[in-house]
Structures are given as C-alpha cells and as structure tokens.
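Student: To start, I am sharing the structure in question, which I have written as structure tokens.
The values are calculated or read from the model by the stated rules, or taken from the named source; none is laboratory data. Fair warning: this is a prediction, and the values are worked out from it, not measured in the lab. Positions of Cβ are generated from backbone atoms using ideal geometry, with glycine treated the same way; all protein chains shown enter the neighbour counts.
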Amino acid sequence: MYRQGLYVLLVLLLVVGCKKEKKVPDEIATLPMELEIRRFDREFAQTTPDQLSSIKEKYPYFFPEQYPDSVWIAKLQDSIQLELRSAVDSAFTDFEKESDDLALLFKHIKYYFPKYRVPVIITVTSDVDYENRIILTDSLLLIGVDNYLGIDHRFYSGIERYIVKGLDKKYLESDIVSAFSKKVLRYPTERSFLAQMIYYGKELYLKDMLLSWQTDEQKIGYTKEELEWARANEEQIWRYFIERELLYSTDTKLGPRFLDPAPFSKFRLELDNESPGRLGRYMGWKIVRAFMVKNEVPVQELLELPAEMIFKNANYKPKK
C-alpha cells in the first residue's frame, strides 16, 4: 500500500509539473539570449550619502541636474520610501523567475523581429506611478516594480479597483509587450471605431505570438470571470455594434465607452455593470484572430495591413 501511495503521489507531481512547463518551439527556445538586468531599486536603497556621486555617475538619467543631492539623501531616509522598498524586496526576492520569463519573452521578440535590439532592463521604484509602470526606449526598459505587488497590497488602497487588478506581477510581461507594440505598430490615421478596434486587436494578437504560454486573461488583463463574460456575450456585443452602425462611426465617445481602461463597458443598458471594460479591444482581437486563421501571413506583415482589409478577409462570425 505504501508503494502504491508513493507511486500515485509521484504521478500527481509529474502531472502538475507538466502543466507548469511552457511549450515553446525549439527554434525559439534554443535562441541565445543574455539579458542585462540591473536592480537600480536595490542599488539606490543600499547607497549611503557618501556613495551618492558614484550611483549618479552610473545612472545619470535618474538624477536630473536641477535637483540637489539633499533631495536624494532625503529620499534614502524617507520612511514611506523605506516601506516601499521593503515591500518590493518581499515581492521580488531574487528576480530569478522574472529574469527567466523576460529571457523567454525576448527570445520570442528576436525570433519574430530579428533586427530588434534588446534593451538593458532596469528595475526601479516609481512611487506607484501605475500609468508609467513600463517605459521602453531604444536602449532601456524601465520596470516600476512597485506597481506589481499584488491586488491586495495596502499601497494600492486609494486606487480604483479596475486599475488595481492589473497591479500584479502576472501581468508584467503583458505590459512589456504593450509597450513594445508601440515600437512596431502604428496607431491608425483612420478615425473609425473599427480601425481602433483592429489596432488593439493587433496588439493582443502580438501577445498571442510573443506570450504563447500565457493565458488570455493575462494578455488582455481580465479576470477569469471577466473573460468568461466576454466569451458568453460575444454574439450580443457584436450585434449591438452592428445594429447601431458603430463600426464606421468616428464618434470620439466610443473610445472611452469601449476601448479605454474602465470599470465596465458602456452599452447604456442594464448589463453595463456586469461587463468588463475594453470590450472593443476584445472584439478587435477576435477579428484579427479570425483573419489569421484564414490568412497565414507573417506577423510583421499583419501589423502593416489596413483594418478594412483585415475585417473583410476575416469573415468574422461570433459564436452564438
């Protein structure tokens, strides 16, 4: 009996382990990738006033010349800053898992965008500046790690809940791809609701390609329940857009109603409070996915295609 029980336990552990394993094509998995990751948040926290000049020389872009050293010394000793750094240290103890995930992400980026230059990655604290939690330049990727402490963290108590649910480390890579998409995906010059839907649909499809191991919830920033709601009501959402002739509308109010981050989408119906925000992005995603099923084009080509071409060739039909 003991041996049988031990055997069952080993099988269960193996199954659980397999579920966690990321399925990545060999041609991507075997790509060489060495990331340069600098923990500026820790380096600064461990700096003494006597060492300030050294860290300023190493990271000049974090120390604007108009601010005297007394500002940075005060920040080193500030009690709230000390609490913030302690919280970050607890959430990101060694950054090993995050480093592995980032390496896998940038392997995907190099595979699909071979000319892309991988940036130096620097972790910072940003006083919970969640609107700028990821900053990507041509050479640097800045990660505001204090924006990924988990939805129940007390530092987020004054922030609206629809924003707080995205302040979790499981959305870190997804946020990075959103920033990367702005480097390779041009915002449409067309003002139609459809063009904007397709734009965000391309961004989400880019996450399908670059974050293939992640869930759809992580890619779009929904909870499991929100994604289930979107899937269950897909046909009704689409009918609403069609019947009210919204696809080719240039009404600027459609963005805040269906595209911008919000606690819910604004159909102006009783179901509003049940719906997640950004359902226009979700529908754009479904259209782009339908297009790619029928038209296997390279992802770089997809990003350049006009929205109208994608829509007409997608032949999108929502599930009833």
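Student: Condition first: more than 22 Å from Ser86 (Cα to Cα) and part of a helix (DSSP H, G or I). Now tell me which residues in the range 51-67 satisfy that.
Tutor: Ser53, Ser54, Lys56, Glu57, Lys58, Pro60, Tyr61
Student: Can you list residue pairs whose Cβ atoms sit under 7 Å apart, with the first residue in the range 235-264 being among the hydroxyl-bearing types (Ser, Thr, Tyr) and the second being assigned to a loop (DSSP other than H, G, I, E, B)? Count only pairs 6 or more apart in sequence or on different chains.
Tutor: These pairs meet every condition: Tyr240/Phe267; Tyr248/Ser192; Ser249/Ser192; Thr250/Arg191; Thr250/Ser192.
Student: Taking Ser126, is it closer than 30 Å to Glu27 by Cα, over 13 Å from the mean Cα position of the chain (by Cα) and in contact (Cβ under 8 Å) with a residue 12 or more places away in the chain?
Tutor: no
Student: Test Leu52 against the stated conditions and say whether it is surrounded by 12 or more Cβ atoms within 10 Å (Cβ to Cβ), within 24 Å of Ser212 (Cβ to Cβ) and either acidic (Asp, Glu) or modelled with pLDDT of 95 or more (or both).
Tutor: Against the criterion (surrounded by 12 or more Cβ atoms within 10 Å (Cβ to Cβ), within 24 Å of Ser212 (Cβ to Cβ) and either acidic (Asp, Glu) or modelled with pLDDT of 95 or more (or both)), Leu52 does not qualify.
Student: Something else: Checking the conditions here, which among Leu82, Leu14, Leu31 is more than 26 Å from Leu167 (Cβ to Cβ) and either part of a helix (DSSP H, G or I) or modelled with pLDDT under 90 (or both)?
Tutor: Matching residue, one of Leu82, Leu14, Leu31: Leu14.
Student: Regarding Lys75, is this residue among the basic types (Lys, Arg), within 24 Å of Trp213 (Cα to Cα) and in a helix (DSSP H, G or I)?
Tutor: no
Student: Still on this model: Specify which of the listed residues (Asp41, Asp26, Asp89, Asp101) is at pLDDT below 95, closer than 21 Å to Asp146 by Cα and not assigned by TED's automatic domain parsing to the domain that holds Val297.
Tutor: Asp89
Student: If you don't mind, there's one more thing I want to ask. Is it fair to say Leu302 is modelled with pLDDT of 95 or more, surrounded by fewer than 22 Cβ atoms within 10 Å (Cβ to Cβ) and assigned by TED's automatic domain parsing to the domain that holds Ala195?
Tutor: Considered against the rule, which asks whether it is modelled with pLDDT of 95 or more, surrounded by fewer than 22 Cβ atoms within 10 Å (Cβ to Cβ) and assigned by TED's automatic domain parsing to the domain that holds Ala195, Leu302 comes out as yes.
Student: Something else now. I'm told Gln218 meets every condition in (1) in contact with a His (Cβ under 9 Å, 6 or more places away or on another chain); (2) of a type in the set (S, T, N, Q); (3) modelled with pLDDT of 95 or more except one. Can you identify the failing condition by its number?
Tutor: Tallying (1) in contact with a His (Cβ under 9 Å, 6 or more places away or on another chain); (2) of a type in the set (S, T, N, Q); (3) modelled with pLDDT of 95 or more, Gln218 fails exactly one: (1).
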